[in-house]
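Novice: Sending over a structure as structure tokens; questions will come in a sec.
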Amino acid sequence: MTTHAIVTLNITSPDKIAAYREKAADALAKHGGSVLQASKDLVLIEGASQLPHMAAVLAFPDQNAALAWKNDPELQDIHALRQCSGESTIILL
């Protein structure tokens with residue numbers, strides 16, 4: 001069953017997020033993942049929380065594929081670029 005992930009990012013290092021973006025699609029594809037949508041133009045329609053700088057919705061074939069993407073030792077340098085670019089949160093649905 002398809003699993004989606006919501007990613008939120010508060011960026012403090014534009015250079016590192018730019019480097020991450022260059023490699024992110026191939027890293028996702030390795031485990032069958034893809035970006036369904038990503039945007040910096042977010043609109044809060046309910047709630048009092050502050051918006052992140054950007055958000056994305058990812059799709060994976062299943063939860064195991066999503067976890068394999070996150071835990072793949074060969075992708076840790078790529079994940080580190082995202083993590084060092086600011087604060088990121090990934091939630092599986």
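The values are calculated or read from the model by the stated rules, or taken from the named source; none is laboratory data. All figures in this text were calculated on a predicted structure; none of them were measured in a lab. Counting neighbours? That spans all protein chains shown, and the Cβs are built from the backbone with ideal geometry, glycine included. Surface areas here come from the heavy atoms of the whole protein model, side chains and all, with no ligands, DNA or RNA. Shrake-Rupley method; radii C 1.70, N 1.55, O 1.52, S 1.80 Å.
Novice: Here are a few candidate values for log10 I(q)/I(0) by the Debye sum over Cα atoms at q = 0.13, 0.19 Å⁻¹: [x] -0.56, -0.96; [y] -0.43, -0.90; [z] -0.60, -0.97. Which one was actually calculated from the structure I just gave you?
Specialist: It is the one labelled [y].
Novice: Give me the percent of accessible area attributable to carbon and sulfur for the chain, probe 1.4 angstrom.
Specialist: Reported share for carbon and sulfur atoms: 54 percent.
Novice: Just in the chain: which GluC sites (Glu not before Pro) are loop by DSSP and have at most 14 other Cβ atoms within 10 Å?
Specialist: Working: sites: Glu22, Glu46, Glu74, Glu87; in loops: Glu46.
Hits after loop and neighbour filter: Glu46.
Novice: Computed on alpha carbon atoms, what radius of gyration and Dmax characterise the range 31-77, expressed in Å?
Specialist: Taking only Cα atoms of the range 31-77, I get Rg and Dmax of 14.0, 39 Å.
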